[in-house]
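Inspection log for the structure reproduced underneath, given as structure tokens.
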Amino acid sequence: MDYKNNPPRQFKDIKEMDKKEAQREIEGLREGIEYHNYLYYIKNQPQISDALYDKLFRRLQNLEKAFPEFQSPDSPTQRVGAKPLDKLEKVRHTVAMLSLNAALEENEVKDFEDFIRRNTGQTYPVYVVEPKFDGLSIEVVYRDGFFHYGATRGDGEIGEDISSNLKTISSLPLRLQKMNHRDLPSFLAVRGEVYMPKSDFQKLNKDRIERNEEPFANPRNAAAGTMRQLDPKKAADKPLDIFFYDILRIEGQEFNSHWEALKQFPSWGLKTDKHNRRFTSFEQIQQYHHQLSEQRDELEYDIDGIVIKLDDYKLRERLGTRQRSPRWALAWKFPPKQEVTLLEDIVVQVGRTGMLTPVALLEPVDVGGVTVSRATLHNEDEVKRKDVRPGDKVRIARAGDVIPEVMERIDQPGKKRGKEFSMPTKCPVCGSDVFREGAYYICAGGLTCRAQLIGHIIHYASRNAMNIDGLGDKIVKQLVNKKMVQDIADLYTLSIDDLLKLEGFAQKSAENLYNAIQATQKVRLDRFLFALGIRHVGLHVAQLLARQFQSLDNIRKASREGLDSIREIGPQISESVVRFFQQKENQKVLEKLEQLGIEVEDMAPSKEKMPFQGMTFVFTGSLEGYSRKEAQDLVEEWGARVSSSVSSETDYVVVGENPGSKLEDARKINVRTINEKEFNELIQKRSQNQ
Ligand code: IVH
């Protein structure tokens, strides 16, 4: 059976198989699946449909289940599913993972070139130049072509074993491909960089903010945090990728130069970057540096410079290494997007969840083409650590689209300094008490705090919450600023005439918004709980609470212990829920809502009432209004199953932009396809029936 070039579509009944047969098929499937993974992720040339891939994968899963004696950690079925760890084990690297000498100025690069020429005796030494990826540096070890383990760089000598998390990265091969008739090395330790694509990073942060979770500061932190995560399931749903750029040690095979090795990498299935080049002159390198620094913002991953490496291994050996860095390589960093400016004041901003953030007000300055007049200082500890005060000169930096940040204070000896910053004990917006949670200060004002109110109402109206069409950011700001709405209950007292007073409103639009608000008088408990915007209560937690407690009254009365006893609900969530319902102001708002006739429906204890119970959805192509995950979560929460392939059991195939082969599959077997508009209608209809 040729699982690579002609994988079977029909399989023998597992019950009729003996061990030998099963073992042979399992091995064939594993090899085949990894090969198709390689075609898909590395070559970008899939040769089988997603449906067939899924079929092979499921067959392998079923066989491994029926013959557990053949289970193996390097099976593609084991990419996800490893158990959470207590801690990450330490591992000593095969060889020390060195760092790079870095240069910022052209002169330093010229010096490096001179040094290389003098010490190699070559007039035109060959260099390989590569982007310097700004991710997490890792070592991956393959034995006889099989993934053995992977580790973070750590201190260069000893890192942490992150094998289970690494295995969740789809483009990382679990076995090396055997191409161009070369044998596989018996041992291979390679170095690479794990990164999170920028667009995925933005999406992830947006989701985190929606779920009341702390966003990551930049893609590198997101990648590093994910890789050092103890539960591989949590790593599995993060979109990470990896580039390889160095051989740490190899046995059973040899290369003469770095370029030769880099060319071999993709044939093994190890992804390399397409910007790698070979040059012989400073001018070429200089041009490359310039070009990449211009392209930098358009790349899908963060880079912070280029790396120049002498190509020839023998010459490298002759030059040797310093204590922590090789003499034959140099990182040429890009000029940072940084500027020095005057810090005029530090103010405290209150976010939607009540978090107080110190913000630096700056004398406006151009940083990499963008005028910056505010920069975040994150939290009080950061302000203390950096010791910045009004009147100080500070260095600020902007990384891509990320919010500008105050990096450091520039010392000005002899200059009289301003007052030290401290967090206010009362909310600067509403005067409520401020309490501390870890490194953060939170305004206890809840729904009555004006700063929080705008954010709250936007959240209350959002799609997964009350879904009030037409109540967007701009309108909410007007409503709050004109004092037409002081809490979410006031939304229901707005008349059409009131709405006509808003900018840009005419009779029809006012009527529409009025109707949209009134349509939410009756609401499901889980949606309502989520809509309240309680800290740490995202969509999922709201659902857990609703299912467990079944009525708003029960949740109001719930104790910390009662809440804690629910699986997946920890002390932080229960604390936050209890606090929310204890708050007098919140109680008042809830009472008002009740008096205005808002009806929060009890949840039925059985799952039978779930609108999509028993249905199967398949998604293909991208939707405009939802990320793939949002759409999947939405239908799953209502009882549906999401499948990755179309079968006769599929109820709906939701077709977005640029659909894949699943659309064809659906047509072939006459499964109902719906577009995004129809999908929205379906959701609306079902949620109203609830
Ligand atoms: S080569 C001995 N190549 O930059 C040379 N490093 O201190 C080993 N990095 O954390 C490094 N892109 O992880 C090399 N194309 C590239 C790189 C790269 C990013 C990282 C590396 C290390 C830091 C250098």
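The values are calculated or read from the model by the stated rules, or taken from the named source; none is laboratory data. Bear in mind that the values here come from a model prediction, so they are computed numbers and not experimental data. In this analysis, Cβ positions are derived from the backbone assuming ideal geometry, glycine residues included, and neighbour counts consider all displayed protein chains.
Could you tell me whether any residue of the range 408-421 is within 29 Å of the chain's Cα centre (by Cα), closer than 30 Å to GLN202 by Cβ and of a type outside the set (Val, Ile, Thr)? Step through it out loud before you land on a result.
Of the range 408-421, the ones within 29 Å of the chain's Cα centre (by Cα) are 408.
Of the ones still in play, those that are also closer than 30 Å to GLN202 by Cβ are 408.
Filter once more, so that each one left must be of a type outside the set (Val, Ile, Thr): 408.
Yes.
Would you mind finding the one in ASN658, ASN670 that is loosely packed, with under 15 Cβ neighbours inside 10 Å and within 25 Å of ARG463 (Cβ to Cβ)?
Values: ASN670 fails: within 25 Å of ARG463 (Cβ to Cβ).
Of ASN658, ASN670, the one residue that is loosely packed, with under 15 Cβ neighbours inside 10 Å and within 25 Å of ARG463 (Cβ to Cβ) is ASN658.
Scan the range 415-461 residue by residue and report those that are of a type in the set (Gly, Ala, Ser), modelled with pLDDT of 90 or more and part of a loop (DSSP other than H, G, I, E, B).
Narrowing the range 415-461 to residues of a type in the set (Gly, Ala, Ser): 418, 422, 431-432, 438-439, 444-446, 451, 455, 461.
With modelled with pLDDT of 90 or more added as a condition, the list becomes 418, 422, 431-432, 444, 461.
Answer for the range 415-461, where residues must be of a type in the set (Gly, Ala, Ser), modelled with pLDDT of 90 or more and part of a loop (DSSP other than H, G, I, E, B): GLY418, SER422, GLY431, SER432, ALA444.
Listed by first and then second residue, the pairs linking a residue in the range 110-138 that is in contact (Cβ under 8 Å) with a residue 60 or more places away in the chain and basic (Lys, Arg) to a residue that is outside any loop (DSSP other than H, G, I, E, B) and away from the ligand (no atom under 15 Å from the Cβ), with Cβ atoms under 7 Å apart and 6 or more places separating them unless they lie on different chains, are LYS110/PHE282. The set of residues in the range 277-321 being touching a Lys or Arg at 6+ places or on another chain (Cβ under 7 Å) and among the β-branched types (Val, Ile, Thr) consists of ILE303, ILE306, VAL307, THR321.
Restricting attention to the range 29-41, the residues being closer than 13 Å to ARG175 by Cβ and either without any contact (Cβ under 8 Å) to a residue 60 or more places away in the chain or crowded, with 17+ Cβ neighbours inside 10 Å (or both) number 9.
For the range 153-182, a residue qualifies if it is away from the ligand (no atom under 16 Å from the Cβ), more than 19 Å from ALA223 (Cα to Cα) and touching a residue at least 12 places away in the same chain (Cβ under 8 Å), and the qualifying residues are LEU174, ARG175, LEU176, GLN177, LYS178, MET179, ASN180, ARG182. Filtered by the rule that a residue be in contact (Cβ under 8 Å) with a residue 40 or more places away in the chain and either touching a strand residue (DSSP E or B) at 6+ places or on another chain (Cβ under 9 Å) or not basic (Lys, Arg) (or both), the range 203-227 gives ASP207, GLU210, ASN212, GLU213, ALA217, ASN218, PRO219, ARG220, ALA223, ALA224, THR226, MET227.
Of all residues in the range 97-124, those satisfying the criterion of being of a type in the set (Asp, Glu) and closer than 17 Å to ARG318 by Cα are GLU113, ASP114. Can you report the number of residues in the range 313-361 which are within 20 Å of CYS443 (Cβ to Cβ), part of a strand (DSSP E or B) and either among the aromatic types (Phe, Trp, Tyr) or in contact with a helix residue (DSSP H, G or I) (Cβ under 6 Å, 6 or more places away or on another chain) (or both)? Residues meeting the conditions: 2.
Scan the range 108-125 and give yes if some residue there is more than 10 Å from the ligand (Cβ to nearest atom) and assigned to a strand (DSSP E or B), otherwise no. No, every residue in the range 108-125 fails to be more than 10 Å from the ligand (Cβ to nearest atom) and assigned to a strand (DSSP E or B). Please verify whether THR272 is surrounded by fewer than 19 Cβ atoms within 10 Å (Cβ to Cβ), touching a Phe, Trp or Tyr at 6+ places or on another chain (Cβ under 9 Å), without any contact (Cβ under 8 Å) to a residue 60 or more places away in the chain and of a type in the set (Ser, Thr, Tyr), treating the condition exactly as stated. Yes, satisfied.
Within the group GLY145, GLY150, which residue is within 16 Å of the ligand (Cβ to nearest atom) and touching a strand residue (DSSP E or B) at 6+ places or on another chain (Cβ under 9 Å)? Quick ask: steps written out before the conclusion?
Numbers: GLY145 fails: within 16 Å of the ligand (Cβ to nearest atom).
Unique residue meeting the criteria: GLY150.
Select the helices (runs of 4 or more DSSP H) contained entirely in the range 562-654, then report the ones holding at least 3 residues which are of a type in the set (A, V, I, L, M) and modelled with pLDDT of 85 or more. Passing ranges, in order: 571-582, 584-595.
Pick from ARG59, ARG92: which is at pLDDT 90 or above, basic (Lys, Arg) and in contact with a Phe, Trp or Tyr (Cβ under 7 Å, 6 or more places away or on another chain)? Step through it out loud before you land on a result.
Working: ARG92 fails: in contact with a Phe, Trp or Tyr (Cβ under 7 Å, 6 or more places away or on another chain).
On inspection, the qualifying residue turns out to be ARG59.
The residues in the range 408-429 that are over 17 Å from GLY354 (Cα atoms), surrounded by fewer than 15 Cβ atoms within 10 Å (Cβ to Cβ) and in contact (Cβ under 8 Å) with a residue 40 or more places away in the chain can be counted, and the count is 2.
Out of SER137, SER170, report the one residue that is surrounded by fewer than 21 Cβ atoms within 10 Å (Cβ to Cβ), within 26 Å of the chain's Cα centre (by Cα) and not in a strand (DSSP E or B). Break it down into steps so the answer makes sense when it comes.
Numbers: SER137 fails: not in a strand (DSSP E or B).
When all the criteria are applied, what remains is SER170.
Does the range 194-204 contain at least one residue that is over 18 Å from LEU299 (Cβ atoms) and among the polar types (S, T, N, Q)? No, the range 194-204 contains no residue that is over 18 Å from LEU299 (Cβ atoms) and among the polar types (S, T, N, Q). All of ASP134, ASP74 fail the test of being touching a strand residue (DSSP E or B) at 6+ places or on another chain (Cβ under 6 Å), acidic (Asp, Glu) and more than 10 Å from the ligand (Cβ to nearest atom), apart from ASP74.
Out of everything in the range 77-106 that is more than 16 Å from the ligand (Cβ to nearest atom) and over 16 Å from GLY150 (Cα atoms), what residue ends up being farthest from the chain's Cα centre (by Cα)? Only one residue fits best here, namely GLU106. Filtered by the rule that a residue be among the hydroxyl-bearing types (Ser, Thr, Tyr), within 21 Å of TYR127 (Cα to Cα) and either touching a Phe, Trp or Tyr at 6+ places or on another chain (Cβ under 6 Å) or away from the ligand (no atom under 16 Å from the Cβ) (or both), the range 291-349 gives a lone residue, SER293.
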